[in-house]
Structure formats: structure tokens, C-alpha cells
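Input: a single structure, listed below in C-alpha cells.
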Amino acid sequence: MAERRRTPSRVAAPIRAALLQDRSLKEELLSTIQARRELGPAYEADLVESFVDRVDVELTRRIDERVASRRRGRDGRFTRGQRYALATLILGTPVVAVAGATADLEGILASWGGIVALNLFGFLDGLRRPRD
């Protein structure tokens, strides 16, 4: 029977790429394999667990970096969409309160119309601008 070559899963592929690109993880893997050869199968489970823990720490660090970079712009500032959302929250709340107190339902509807228009403008502007 011909040997089937196993293709990496969608989850394993990024892990494999991270291992191949990161010299320290690659060196740790090689040292783990060497230690397994020297110590024998009795320590295999401990060696594998130790290596997996180091890979987990590195992947967690990379994921945290990626999440943090997506929350804020690349230069650490708020993204355009986040600025529109903050403007809506900061300016919209008192505008709605004043409009409701002075012009009742009509004022509230008018102020919400302005908030919707502001967010629609921001959304459409974001569609027109290329992403970094």
C-alpha cells in the first residue's frame, strides 16, 4: 500500500510556519529531540510537555500582539472607525439628552438622525479609503 502523505490542517499550518520561522523555537525543538535521544523513552512525555508549554507561551504572546495591533492602529492611535464610534458616544449622549429635554420626541429623533448620518458617513468613508 502506498504511503499517504498527510497534509497539515488549517490549525497546524500556522503553528508549523511559526516554528520554522522562529529560530529559538526551532533550536528548542532540536534540543528537545536531542535530549530525548540521550535520556531515552522514559523521559519522552516530560520532554514533549515541556516543549509544548514553550510553544504555547510563544503562540500566546504572538496572538496577544496581533490582537493588540488590531485594537489600535499600527502607530498606536485609534483607527478611523474607533474615532467615529468615540465621537458618537461622547457627543451623542449629551446631544440626545438636551434634545429630549427641549424638543421632546422630535428632538430625540433629530439627534439620532444626526448620529446615524455621522456613522454612515464614517462607514462609507472607510469603504473608500484603502487599508494599510
Let me make sure I get this right: for segment 27-117, a, b and c are the square roots of the gyration tensor eigenvalues over alpha carbons, sorted descending. Under 1.5 in a/c it's rounded, otherwise prolate if a/b > b/c, else oblate. Which is it?
prolate
Compute, for Leu86, the solvent-accessible surface of its heavy atoms (probe 1.4 Å) with the complete set of protein chains present, and express it in square angstrom to the nearest 10.
70 Å²
Taking placed amide H atoms and a strict 5 Å upper bound, the residues 5 or more places from Thr79 or on another chain that come that close are Gly73
Can you sort Glu44, Glu28, Glu49, Glu58 by solvent-accessible area, 1.4 Å probe, largest first?
Glu49, Glu44, Glu28, Glu58
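The values are calculated or read from the model by the stated rules, or taken from the named source; none is laboratory data. What you are looking at is a predicted structure, and each value in this text was computed from that prediction instead of being measured. In case anyone asks, the SASA skips ligands and DNA or RNA and just uses the protein heavy atoms, side chains included. Shrake-Rupley method; radii C 1.70, N 1.55, O 1.52, S 1.80 Å.
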